[in-house]
Amino acid sequence: MPLPINIQFSYSAKNLQAANMLHYKKNYPFRGRILLWFGILLIWTGVLFMMMKGINGHELSIYTFIAYGVLVIGIHFYIMNTLGKKLFKKHRNHVRSMDIEIAEDFIRLTADDKTAKVKWNEILKATMSENIVLLYTSKMSFYIFPKENFNKNEFAVFTTLVGGKVAIRN
């Protein structure tokens, strides 16, 4: 399929959630799970106290560690599973559909009457999954390209182009 590829993109809570999950999973595997690890550590501490001292007389401290561990793990899963939805809700008024042109030398993004042209050498890295591509222009800022916005085999052409132009983190 010849370039350029033209797509129209509108942010949704679903693709923001998928993008954030992919971002933390691939780029920050420990930092994205720090609450999970902390919760496991609290539960493990409670179990160790139970094994070392027995339950008699230490019920409050043992069950407190375990309860806080379960609570922290629950908070981790709540945050990770609602982050994209919260971002979408927070920025809903600022999110407009945009036209994107993907060419051999650049990507042009147009929303309303504003245009941004990003050259491939300005993109630091890419993170890909089978349904989404994230192109990073800084350490924490990225453009989202969901497969659902492409026609037929355009997504495969796009991922091949990204693979040739940008360092990929799979």
Return a yes/no flag: does segment 29-42 have any residue that is within 26 Å of residue 126 (Cα to Cα), among the small types (Gly, Ala, Ser) and at pLDDT below 90.
yes
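One line per residue, one yes/no per condition, for (1) on the phi > 0 side of the Ramachandran plot; (2) among the small types (Gly, Ala, Ser); (3) surrounded by 17 or more Cβ atoms within 10 Å (Cβ to Cβ); (4) touching a strand residue (DSSP E or B) at 6+ places or on another chain (Cβ under 9 Å):
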site: 3; (1), (2), (3), (4): no, no, no, yes
site: 8; (1), (2), (3), (4): no, no, no, yes
site: 11; (1), (2), (3), (4): no, no, yes, yes
site: 16; (1), (2), (3), (4): no, no, yes, yes
site: 23; (1), (2), (3), (4): no, no, yes, yes
site: 39; (1), (2), (3), (4): no, yes, yes, no
site: 44; (1), (2), (3), (4): no, no, no, no
site: 51; (1), (2), (3), (4): no, no, no, no
site: 60; (1), (2), (3), (4): no, no, no, no
Single match in 89, 25 (criterion: in contact (Cβ under 8 Å) with a residue 24 or more places away in the chain, of a type in the set (D, E, K, R) and out of contact with any Pro (no Cβ under 8 Å at 6 or more places or on another chain))
89
If the Cβ limit is 6 Å and pairs must be 6+ apart or interchain, which residue in segment 56-82 that is at pLDDT below 90 and among the hydrophobic types (A, V, I, L, M, F, W, C) pairs with which residue that is surrounded by 14 or more Cβ atoms within 10 Å (Cβ to Cβ) and assigned to a helix (DSSP H, G or I)?
62/46; 62/49; 62/50
Those residues of segment 83-116 which are under 23 Å from residue 133 (Cβ atoms) and among the polar types (S, T, N, Q), in sequence order
97, 110, 115
Any idea which residue in segment 19-32 is nearest to residue 144 (Cα to Cα), counting only those that are in contact with a Phe, Trp or Tyr (Cβ under 8 Å, 6 or more places away or on another chain) and in a helix (DSSP H, G or I)?
19
Condition check for residue 119: among the charged types (D, E, K, R) and at pLDDT 85 or above:
yes
Considering segment 25-37 alone, what residues qualify as being of a type outside the set (Phe, Trp, Tyr), surrounded by fewer than 17 Cβ atoms within 10 Å (Cβ to Cβ) and over 13 Å from the mean Cα position of the chain (by Cα)?
34, 36
Among (1) touching a Gly at 6+ places or on another chain (Cβ under 6 Å); (2) farther than 21 Å from residue 132 by Cα - the single one residue 16 does not satisfy
(2)
Filtering strands (runs of 3 or more DSSP E) wholly in segment 53-170 for at least 3 residues that are among the aromatic types (Phe, Trp, Tyr) gives 142-146
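The values are calculated or read from the model by the stated rules, or taken from the named source; none is laboratory data. Just so you know, these numbers come straight off a predicted model, no measurement behind them. We place every Cβ from the backbone using ideal geometry, glycine too, and count neighbours over all the protein chains shown.
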